[in-house]
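Notes to accompany the following structure.
The values are calculated or read from the model by the stated rules, or taken from the named source; none is laboratory data. Just so you know, these numbers come straight off a predicted model, no measurement behind them. For the accessible areas, the whole protein counts, side chains as well, though only heavy atoms, and no ligand, DNA or RNA atoms are used. Shrake-Rupley method; radii C 1.70, N 1.55, O 1.52, S 1.80 Å.
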Amino acid sequence: MDGIVEAEWRSFLRSWDVGGDQETILAELVVDEPNRHDWRVVDAALDRLVCPDCGDRLSRGPTDCAACNLAHGFRYVAIETDRPGVPPGNEHAIRVNVSVVRRPQITSEQEVLARRLALPFFLIGLLPTRQEAQRMSALIKRSAPGQVRLIEQAMEELFLG
């Protein structure tokens, strides 16, 4: 999943003809204006910056880190464009799932597992209906930690029929 973000960052660097020592400066510029860049570029830029409060990668720190929480929220103002040939909303599904999996401490173990399992299906262009997504969400919320097989089976049924 980090490869999704890194590939876009490398392409972005090539388009700006930026070298190693300028990469951090460019990352700071991207984070200052997330609404002007693709979400993958913003996520990659955040990965290259250190949080001044907790010292982790910016936006990936503990849940009580105000600077990381703020950066995490700002990532959602970035540009999100659906890829050709996928249902509307597919890119949003990818983005949200990547965000949760990359910062697992913000949600339950069951939610992280479900998001991790769903991501490959979203990447190939599948997208559940709203009703299916709500049913899955309810199942995840009522499942106990450690009920891995239950979540795996539900995801298989959802995406593989």
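At a threshold of 8 angstrom on Cα-Cα distance, excluding pairs fewer than six apart, so keeping six or more, what relative contact order does segment 1-101 reach in percent? Before the final figure, lay out the partial values.
On the way: 116 pairs, mean separation 21.5, N = 101.
Reported as a whole number, the value is 21 percent.
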Rounded Å value of the spacing that divides the Cα centres of segment 1-70 and segment 122-159: 30 Å
Using alpha-carbon coordinates, inclination of helix 130-142 to the longest axis of the chain, degrees: 80 degrees
Accessible-area order (highest first, 1.4 angstrom probe) of the listed residues Ile25, Ile140: Ile25, Ile140
Table column - 3J(HN,Hα) (Hz), segment 72-87, Karplus curve with 6.51, -1.76, 1.60, x for Gly and Pro: 4, x, 5, 4, 7, 8, 5, 6, 9, 10, 5, 6, x, x, 10, x
Segment 25-34 - phi-based ³J(HN,Hα) in whole Hz, Karplus 6.51/-1.76/1.60, Gly and Pro as x: 4, 5, 4, 4, 5, 5, 5, 5, 9, x
